[in-house]
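Here the structure is laid out as structure tokens; the discussion comes afterwards.
The values are calculated or read from the model by the stated rules, or taken from the named source; none is laboratory data. Quick caveat: nothing in here was measured; it's all calculated off a predicted structure. Quick reminder, even Gly has a Cβ in these numbers, built from the backbone with ideal geometry, and neighbours come from all protein chains shown.
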């Protein structure tokens, strides 16, 4: 029964996190965010009115689990209590069964009820597998997002440095000033643990024989650990990491201006061959795409800014050390 309370606590926690994250999204109006399909600079986000992709995904992921969790939750209210040994209800009178469920509902406040088929419910524990695997999907997605956050916060000068996380502990005894992304890392480790526990739960459910689900103890223990840790780790992640993320628009603009990502949006106007030559020239001569395009007078500055849609101004470029061609 205890695992059900943890699940019930996790669902509103994610709903709360989703609501808070939607409010926070409006803060992330980053000028431009490079998105690569491999390790190359290919394309980027340009809409200054929308939040960054990585932050937004946390909201959707939480929402998916809330949906999956509410789908799985009703199944946990159906119990095989009253089915006795194999689900045949031998030696258990209907009055006794009714009285037990009434007492349990009064004590727990949960809408507990007898399963429609005691034998099926006694021999099968797939309801627990469903909950466990919904949790795996949640932590898998969040682990991916946490890894993105770690990359975006890497640096600040030797890495991406697109966002800044709140420092929670010294990162090293030999590297002064180092700050580790400990909460995103805790999300990664949570996923590793939850996915391992899920494998245990899945194998234990399969190991039932006829109407005897004899592997219940390890299933219950594994699910309780997963739900308890997920609740604690996710709350820390939202309260002490996500809510305190600060975007670094100047750094984002610097990386964007020095990349070749603009070429993707300029191609429909200038053509693939022209842009390919511009990219090669920018790389060979250590110039920016902007500098190459303007120096060849393919576009003027106003046209360039209009096409890429970033709204970069001369003042912003000078601030990040990107200069106009002579």
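Data for the structure
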{"item": "Any hit, region 170-183, residues being assigned to a helix (DSSP H, G or I), in contact with a helix residue (DSSP H, G or I) (Cβ under 9 Å, 6 or more places away or on another chain) and modelled with pLDDT of 90 or more", "result": "yes"}
{"item": "Only one of 250, 202 that is assigned to a helix (DSSP H, G or I), touching a helix residue (DSSP H, G or I) at 6+ places or on another chain (Cβ under 8 Å), in contact (Cβ under 8 Å) with a residue 12 or more places away in the chain and surrounded by fewer than 17 Cβ atoms within 10 Å (Cβ to Cβ)", "result": "250"}
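Matching residues to (1) on the phi < 0 side of the Ramachandran plot; (2) modelled with pLDDT of 80 or more; (3) part of a helix (DSSP H, G or I):
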{"site": "59", "(1), (2), (3)": "yes, no, yes"}
{"site": "65", "(1), (2), (3)": "yes, no, yes"}
{"site": "75", "(1), (2), (3)": "yes, no, yes"}
{"site": "86", "(1), (2), (3)": "yes, no, no"}
{"site": "92", "(1), (2), (3)": "yes, yes, no"}
{"site": "102", "(1), (2), (3)": "yes, yes, yes"}
{"site": "110", "(1), (2), (3)": "yes, yes, no"}
{"site": "121", "(1), (2), (3)": "yes, no, yes"}
